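The values are calculated or read from the model by the stated rules, or taken from the named source; none is laboratory data. Predicted, not measured: the structure shown is a model, and the values here were computed from it. Here the Cβ positions follow ideal geometry from the backbone for every residue, glycine too, while neighbour counts run over all protein chains shown. Note: areas computed on protein heavy atoms with side chains; ligands, DNA, RNA excluded. Shrake-Rupley method; radii C 1.70, N 1.55, O 1.52, S 1.80 Å.
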Amino acid sequence: MIKVTLSPVTPPEDKYADIELHLADTKGEPCTPKLYDKSFKFYVDQYNLQNRLPADIIFKKDMKEVERVSVFNLLNIDKATTIACETVDLQASPPELTFSDLRTFGNGKGFLCDQEEKFQEKRKLYIHTALQKLLNTALKGDDVPHIALMGSGGGYRAMVAMSGIMNALYTTKILECILYTAVLSGSSWFIATLYSHPKWPNIDPKDIQEQMKHDISTDPKSIWTLFSYVPDWVFGFFEKKLAGKAWNFTTDIFAPMLGNVLIPTRLKCKWSEQKDKLSEGTVPLPLLSAIHAKDEQNANEFHEWVEFSPYEVSIPKYGVAIEMKNFGSKFDKGLLTQQIDEIPLFEIMGICGSAFTLTHEEWANKDSSNFIKKQTSVKSSRQYSTTQHKKEKQLDKKKSVAFDEVDGPPRKQNNYDNDIESSEFDVLESGCTPHRICVDLTPIKESNADNFTENDDVFDVGEIEQRQEMEDLFKRICQIRQEGGRIFEEERTRNERVVGDNFKEGITEADEVDGLFGDMKLCAEKFCMKSRHYRAAMVNNFLRKVSFDNTDSCLLQGETNPLFENYLKNDIEKLCLIDAGLAFNSPYPLLFKPGRDVDLILSFDFTDRKKDSNDPFKTLLTAEDWARKHEIKFPKINVDKYEGKNVQELYIFEDENDPECPIIMHFVLVNKDFRTYKKPGVKRKESEKECANFTVYDDQKTFNCKNFQYSAENFERLSQLSEFIVLNNIVHIKACITKSIQNKQKRKQTGRQRHPSSPV
């Protein structure tokens with residue numbers, strides 16, 4: 001039983017009004033406290049307290065109700081204590097109930113939490129010393145600029161490239177001058193791996209990079225398997241395995257596999273635990289990002305940025321945050337009602353890199369019509385025949401051979417990969433190719449497809465092996481989750497759990513065979529991509545029952561509607577969290593949170609350009625448009641002067657007339673000088689040129705974000721290229737740091753003026 005203290009209450013008319021305390025659906029008798037009590041206590045069991053059953057204080061006069069006050073608005077939770085009673089096992093430990101309100105921030109309050117403000121103070125002292133050494137000049141403490149490192153999405157390409165960038169920044173001492181590191185998708189995978197290492201920051205990033213190279217080159221098959229089979233078969237497989245369980249592909253399937261490769265010895269690691277490494281201010285504050293989206297709505301129409309720092313998780317649009325350790329717990333009206341273990345780091349990594357959660361509308365908007373045509377042209381050679389499926393179902397009924405509802409992946413045609421790779425489509429801004437992830441039928445192995453006929457009555461050896469591979473994969477997933485302290489929870493209702501109810505709506509049983517395997521457009525629309533359900537991470541909504549209206553500060557002045565279509569509905573139990581790259585592929589919104597006041601951004605863009613020669617400004621222009629809508633100072637991105645010119649390693653954008661406008665250094669992944677120089681100023685020998693003769697985007701294979709099989713050689717190529725790009729532009733980096741110091745000296749105020757529409 002829980003003994004809870006209530007705050008004093010005032011009768012509505014006079015002190016002689018009768019007061020009754022009613023707890024609905026509880027065994028306790030209503031109590032009548034004395035009016036002269038400054039406060040009073042009552043007892044309630046843990047279940048009722050956590051589930052917020054109705055409890056009211058009723059003021060009565062002449063036996064009639066005058067006013068009713070909700071008890072839960074008056075609870076003094078901090079002083080709540082647990083006591084033993086006859087219904088409690090006295091041998092068991094009393095439940096530990098900890099409660100905390102949301103942290104709200106806005107124009108009238110500080111935007112940063114106390115921990116981040118303290119971090120800034122310590123980190124800026126450290127940066128002050130580092131800058132004086134780097135620039136060999138005296139510098140006042142107030143002149144220390146806020147410098148941020150930012151990394152875009154792009155799967156393993158972004159992760160590997162970010163490892164080289166961190167090496168270069170570490171060896172050149174630039175990293176010592178950086179205040180924030182903001183990343184999304186693939187870049188977040190490296191930062192999370194780096195910061196979660198038990199020896200960081202007392203270890204060279206090169207050592208962590210070497211371990212990562214070994215891990216992804218020796219054991220990449222598990223992740224690759226997930227994206228190598230027919231999507232409806234994969235989801236059908238897991239749905240059958242997890243019948244009656246609450247699950248989603250992102251946190252329950254993909255994330256464990258990702259953690260198994262990148263942080264196999266740290267599966268129990270939590271992101272909040274990394275705050276201890278920030279206590280002395282010796283490393284930048286890392287910020288991971290995702291977006292809250294709607295199940296079936298285009299992310300471009302509705303998305304809300306979500307930020308994960310080791311201190312807290314926040315949705316800046318609403319000006320609210322909770323402690324990172326409470327991420328995943330249950331909240332109601334801003335009150336923590338049920339403490340649940342913090343979501344492990346590998347699940348957050350999965351959320352940050354879940355570009356496969358795009359909807360069919362988002363995919364269609366990427367102009368993938370050519371792919372649909374090509375898929376339709378080869379469907380007859382890749383589908384199972386109706387006759388064959390009928391035979392297999394008959395065998396199943398006779399118990400001669402056991403079949404699943406959907407009998408495995410179709411077989412691969414010899415020239416299919418060539419057809420796909422030769423096509424040109426747009427891709428996600430995160431660098432992820434949607435058609436390969438969501439509707440690609442290419443199996444992981446070659447099978448004897450050419451020998452398959454309608455008269456075959458049993459599986460071939462290759463398909464049996466593929467089935468066994470999936471069985472082994474599922475066993476490993478369960479093992480990883482168990483090691484990380486996670487279990488598959490039971491569904492609340494079992495009548496809504498079937499995959500077909502959500503993905504195959506409108507498809508008959510007969511259509512499952514001919515439609516899903518034969519008509520790829522139907523597969524995309526009806527099965528995998530109609531909804532994010534079962535694919536996107538679903539996390540307890542910490543804003544549940546918290547209301548926001550049109551007075552919320554995210555409205556621009558003079559506007560009557562919010563920037564996006566609507567607000568988060570406060571009755572939603574779960575937040576649908578997906579890869580932020582589906583909005584745009586660089587986490588600029590995180591760095592423009594008031595109080596961070598970033599002066600210089602070192603932005604590294606790994607977005608897929610389709611070809612190395614294509615312009616590298618798509619994400620940057622999207623960020624500029626976002627800043628203009630929010631009336632946030634952002635330099636003009638004038639790309640006209642670069643039209644028709646070769647792609648550069650670095651572009652610098654600034655507003656020379658406004659010292660409050662941040663400087664943006666836009667670094668691009670392009671193999672230019674690296675072909676000739678192994679180090680800046682050191683030319684390659686003839687024998688060394690072959691290893692440097694490669695493209696990043698032209699072949700759409702080796703460094704594509706769908707590739708989870710990096711050889712040690714390709715890892716070194718890409719990481720060394722990105723490292724070289726930083727080293728090749730150190731002079732420009734130092735010059736921009738100097739310029740940001742000068743801008744800060746020009747400003748009359750230490751903090752940048754912000755628009756009253758903040759938060760972001």
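Annotations
- Among the residues here, Asn495 does not qualify as at pLDDT below 70, open to solvent by less than 60 Å² (accessible area, probe 1.4 Å) and within 22 Å of Arg535 (Cβ to Cβ).
- Condition met for Lys610 (basic (Lys, Arg), assigned to a loop (DSSP other than H, G, I, E, B) and within 20 Å of Leu287 (Cα to Cα)): no
- Hey, Val183 modelled with pLDDT of 95 or more and closer than 17 Å to Phe308 by Cβ or not: yes
- Test: Glu654 is open to solvent by less than 80 Å² (accessible area, probe 1.4 Å), under 14 Å from Ile601 (Cβ atoms) and in contact (Cβ under 8 Å) with a residue 40 or more places away in the chain: yes
The rows are residues; the columns are (1) closer than 22 Å to Ala158 by Cβ; (2) among the basic types (Lys, Arg).
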{"residue": "Lys645", "(1), (2)": "no, yes"}
{"residue": "Glu654", "(1), (2)": "no, no"}
{"residue": "Leu669", "(1), (2)": "yes, no"}
{"residue": "Lys678", "(1), (2)": "no, yes"}
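- Considering residues of the range 270-287 that are open to solvent by less than 50 Å² (accessible area, probe 1.4 Å) and of a type in the set (D, E, K, R) only, the residue farthest from Leu175 (Cα to Cα): Lys270
- Candidate set from the range 663-689 (those that are assigned to a loop (DSSP other than H, G, I, E, B) and in contact with a strand residue (DSSP E or B) (Cβ under 8 Å, 6 or more places away or on another chain)); member that is surrounded by the fewest Cβ atoms within 10 Å (Cβ to Cβ): Thr676
- For the range 318-342, the tally of residues that are in contact (Cβ under 8 Å) with a residue 60 or more places away in the chain, touching a strand residue (DSSP E or B) at 6+ places or on another chain (Cβ under 7 Å), of a type in the set (A, V, I, L, M) and open to solvent by less than 10 Å² (accessible area, probe 1.4 Å) stands at 3.
Okay, residues lined up against (1) outside any loop (DSSP other than H, G, I, E, B); (2) closer than 24 Å to Ala580 by Cα:
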{"position": "Lys633", "(1), (2)": "no, yes"}
{"position": "Ile637", "(1), (2)": "no, yes"}
{"position": "Lys641", "(1), (2)": "yes, no"}
{"position": "Cys661", "(1), (2)": "no, no"}
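- Filtered by the rule that a residue be in a loop (DSSP other than H, G, I, E, B) and modelled with pLDDT under 95, the range 281-294 gives a lone residue, Lys294.
- Selection within the range 295-311: residues that are open to solvent by 10 Å² or more (accessible area, probe 1.4 Å) and at pLDDT 90 or above. The member of this set that is farthest from Leu125 (Cα to Cα) is His303.
- The selection criterion, being hydrophobic (A, V, I, L, M, F, W, C), open to solvent by less than 10 Å² (accessible area, probe 1.4 Å) and touching a residue at least 40 places away in the same chain (Cβ under 8 Å), does not hold for Leu175.
- Residue in the range 351-358 that is closer than 19 Å to Glu573 by Cα and modelled with pLDDT of 90 or more present: yes
- Residues that are assigned to a helix (DSSP H, G or I) and among the acidic types (Asp, Glu) within the range 690-711 comprise just one, Glu690.
- Applying the condition of being closer than 23 Å to Asn743 by Cβ and acidic (Asp, Glu) to the range 565-604 and asking which residue is most open to solvent (accessible area, probe 1.4 Å) yields Asp597.
- Some residue of the range 183-203 being in contact with a Pro (Cβ under 8 Å, 6 or more places away or on another chain) and either open to solvent by 50 Å² or more (accessible area, probe 1.4 Å) or closer than 16 Å to Asp599 by Cβ (or both): no
- Residue pairs meeting the criteria (Cβ under 6 Å; at least 6 apart or on separate chains; first closer than 16 Å to Asp579 by Cα, in the range 236-253; second at pLDDT 90 or above and of a type in the set (Ser, Thr, Tyr)): Thr250/Ser354
- Top-ranked residue of the range 210-248 - restricted to ones that are modelled with pLDDT under 75 and farther than 18 Å from Tyr534 by Cβ, ranked as surrounded by the most Cβ atoms within 10 Å (Cβ to Cβ): Ser228
- Filter result for Thr172 (more than 24 Å from the chain's Cα centre (by Cα), of a type in the set (Val, Ile, Thr) and farther than 30 Å from Asn743 by Cβ): no
- All positions within the range 618-632 that are touching an Asp or Glu at 6+ places or on another chain (Cβ under 9 Å), farther than 17 Å from Arg157 by Cβ and open to solvent by less than 10 Å² (accessible area, probe 1.4 Å): Leu620
- Test: residue in the range 253-268 that is under 30 Å from Glu121 (Cβ atoms) and crowded, with 23+ Cβ neighbours inside 10 Å: no
- Complete set of residues in the range 177-187 that are of a type outside the set (Gly, Ala, Ser) and not in a loop (DSSP other than H, G, I, E, B): Cys177, Tyr180, Thr181, Val183, Leu184
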